[in-house]
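Heads up: the structure comes next, in structure tokens.
Please treat every number below as a calculation from the coordinates, not as lab data. Computed from a predicted structure; not experimentally measured. Cβ atoms come from the backbone with ideal geometry, glycine included; neighbour counts cover every protein chain shown.
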């Protein structure tokens, strides 16, 4: 089955896994993507690059690093608050 950690950052790759569930007779399809840059902001950067003739992924690495940094800061703040409340 696909794992998020195997998804290449800043890419359009989608990892797909398929399994058959014998117990219920269902086919289970699971997919994993690195979707941090797949929101409106990432699409805007990608579209602007195409419009002006730049490489489609130009600037997305910087954009993604900023998002990862913000997520890290939010998680750190959350853990700090959680720790303070448990004392």
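Once R0 is set to 35 Å, what does the formula 1/(1 + (r/R0)^6) return for the Cβ-Cβ distance between residue 48 and residue 28, expressed as a FRET efficiency to the nearest 0.05?
Working: r = 38 Å, r/R0 = 1.09.
Here the calculated transfer efficiency is 0.35.
How far apart, in nm, are the 7 Å Cα→Cβ label points at residue 19 and residue 56?
The two pseudo-label positions are separated by 3.2 nm.
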